[in-house]
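S.K.: This is the structure I want to talk about, given as structure tokens.
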Amino acid sequence: MFTSLLKRPSVRQHLMNRVNQEKTAKAKAFSEKLLRSGGFTAVCVGTGTPTPSERAQPCVAVFVNGRFFLFDAGDGCVKVMGQQDLPIGLLDAVFLTHYHSDHIADLGEVINRSWIMGRIHTLPILGPEGIAEVVEGFAMAYRLDNTYRNAHHGDDVMPLPTAGATGERFDAPTDGTLLTLFEEDGIVIKTFEANHYPAKPAVGFRIEYGGRILVISGDTLRVPGLDAASQSADLLICDVMNHQIVGEMEQQQLNAGKPRNARFMHDIPDYHIDVHDVGDLAQATQVKHLALVHLMPSVDRLAQIKAFFVDPIAEKYDGEISVPNDGDVFELL
Ligand SMILES: [Zn+2]
Ligand SMILES: [Zn+2]
């Protein structure tokens, strides 16, 4: 019966209109809320790591006083942004912490999808040394796509001059201080040097607006710049690893006759911050709310998350702790 009803053009049209209108109205209202003047919202778009997981890889969308900035663009972030109705066509700029694949894998799609969805300016992509190579690589891979779409839809709909992105390099100070990258309409974006060697340079970011402070650690050990950036932060979105558990996993892999897996476990603690350092840092800098992302080991059971990450941090830090899922929203203003 339903099949025959759907074959009638008027019914089908009505249903299509209704679906489209409802989806469009909901997305429009959400977009307007995120981009309202005076607002400040962080969306943890991707919260995962390089290891296979249900989670998208690192990406934070920041909506601040009418602007939309993206911090990192790991695999799956464009899909999550679509599911969450984030207004990707209105993206203003992208900031990258470093060039490990889990932080840039979806950059080509961010550039391309934002153009398809109506972006009308060349997309600035800011990052430390290496940015030109990364942006040019994606540009090369998408060059043919851009010409096909332009030829198909025309200059009015898909103009080639705004299809791409420009890589803009900055150099974070090496003395643990902060560098201001952007200052406009009360919004201040600063960067600091992280320690994620041999991924060098690597950086993190501090975004200030309306008396509120958001910090994105990037991948790093505890370093003076992260302490300086985190001072009195309202929200610190922080990389985290439990070094003890990773050490035990290394031994398990050795015992199981899997030396290659053991080698990974052996190598990674020297460039991700340990739970105890996260707790000490957040307490010392009086962070109000800590959001843990990029969990290593990558676990999803609540009991494991609590035992490996939340409990050891809560021993040292008495502020609020969250472990967001992809798409979780934090309102700062
Ligand atoms: Zn990394
Ligand atoms: Zn990473």
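S.K.: Among the residues of the stretch 167-187, how many are under 21 Å from ILE111 (Cα atoms) and exposed (fewer than 15 other Cβ atoms within 10 Å of the Cβ)?
M.R.: The number of residues fulfilling the criteria is 1.
S.K.: Taking ASP277 as the residue in question, decide whether it is charged (D, E, K, R), away from ligand 2 (no atom under 16 Å from the Cβ) and closer than 15 Å to THR220 by Cα. Walk me through it before giving the result.
M.R.: Working: charged (D, E, K, R): yes; away from ligand 2 (no atom under 16 Å from the Cβ): yes; closer than 15 Å to THR220 by Cα: yes.
Answer is yes for this residue.
S.K.: Looking at the stretch 95-116 only, could you name the residues that are of a type in the set (A, V, I, L, M, F, W, C) and within 16 Å of ligand 2 (Cβ to nearest atom)?
M.R.: Initial filter on the stretch 95-116 (of a type in the set (A, V, I, L, M, F, W, C)): 95-96, 104-105, 107, 110-111, 115-116.
Within the stretch 95-116, PHE95, LEU96, ILE104, ALA105, LEU107 qualify.
S.K.: If only one of GLY247, GLY257, GLY225 is in contact with a Gly (Cβ under 9 Å, 6 or more places away or on another chain) and of a type in the set (Gly, Ala, Ser), which one is it? It would help to see each step written out before you state the result.
M.R.: Numbers: GLY247 fails: in contact with a Gly (Cβ under 9 Å, 6 or more places away or on another chain); GLY257 fails: in contact with a Gly (Cβ under 9 Å, 6 or more places away or on another chain).
On inspection, the qualifying residue turns out to be GLY225.
S.K.: Filter the stretch 157-170 for residues that are within 18 Å of VAL94 (Cβ to Cβ) and not aliphatic (A, V, I, L, M) and give the result. Give the derivation first.
M.R.: Quick first cut of the stretch 157-170, residues within 18 Å of VAL94 (Cβ to Cβ) only: 162-170.
THR162, GLY164, THR166, GLY167, GLU168, ARG169, PHE170 - these are the residues of the stretch 157-170 that are within 18 Å of VAL94 (Cβ to Cβ) and not aliphatic (A, V, I, L, M).
S.K.: While we're on this one: Tell me which residues, restricted to the stretch 17-43, are outside any loop (DSSP other than H, G, I, E, B) and of a type in the set (A, V, I, L, M).
M.R.: VAL19, ALA25, ALA27, ALA29, LEU34, ALA42, VAL43
S.K.: Determine whether ALA29 is among the aliphatic types (A, V, I, L, M), without any contact (Cβ under 8 Å) to a residue 40 or more places away in the chain and within 16 Å of ligand 1 (Cβ to nearest atom). Please lay out each step first, then the result.
M.R.: Values: among the aliphatic types (A, V, I, L, M): yes; without any contact (Cβ under 8 Å) to a residue 40 or more places away in the chain: yes; within 16 Å of ligand 1 (Cβ to nearest atom): no.
No; evaluated as a whole, the condition is false for this residue.
S.K.: Test of understanding: among LYS258, LYS190, which residue is closer than 25 Å to ALA61 by Cβ, more than 12 Å from ligand 1 (Cβ to nearest atom) and among the basic types (Lys, Arg)?
M.R.: LYS190
S.K.: Only one of (1) within 16 Å of ligand 1 (Cβ to nearest atom); (2) on the phi < 0 side of the Ramachandran plot is not met by GLY218, so which one is it?
M.R.: Every listed condition holds for GLY218 apart from (2).
S.K.: Follow-up question, since we're still on this one. Are there any pairs with C-beta distances below 9 angstrom linking a residue in the stretch 304-320 that is under 11 Å from ASN242 (Cα atoms) to a residue that is of a type in the set (D, E, K, R), with the two at least 6 apart or on different chains, and if so which?
M.R.: Note: pairs meeting the criteria are PRO312/ASP274.
S.K.: In addition: Can you tell me which residue within the stretch 193-215, out of those that are within 13 Å of ligand 1 (Cβ to nearest atom) and part of a strand (DSSP E or B), is surrounded by the fewest Cβ atoms within 10 Å (Cβ to Cβ)?
M.R.: The selected residue is VAL203.
S.K.: Name the single residue, out of those in the stretch 193-222 being out of contact with any helix residue (DSSP H, G or I) (no Cβ under 8 Å at 6 or more places or on another chain) and more than 16 Å from ligand 2 (Cβ to nearest atom), that is farthest from VAL62 (Cα to Cα).
M.R.: GLY211
S.K.: Turning to a different aspect of this structure: For the condition under 18 Å from the mean Cα position of the chain (by Cα), modelled with pLDDT of 95 or more and among the β-branched types (Val, Ile, Thr), what is the one hit in VAL203, VAL223? Give the derivation first.
M.R.: Working: VAL223 fails: under 18 Å from the mean Cα position of the chain (by Cα).
After applying the criteria, what remains is VAL203.
S.K.: Given the criteria within 28 Å of GLY211 (Cα to Cα), more than 16 Å from ligand 2 (Cβ to nearest atom) and touching a Phe, Trp or Tyr at 6+ places or on another chain (Cβ under 9 Å), does ALA282 qualify?
M.R.: So ALA282 fits the description; yes.
The values are calculated or read from the model by the stated rules, or taken from the named source; none is laboratory data. Everything numeric in this text was worked out from a predicted model, so none of it was measured. Positions of Cβ are generated from backbone atoms using ideal geometry, with glycine treated the same way; all protein chains shown enter the neighbour counts.
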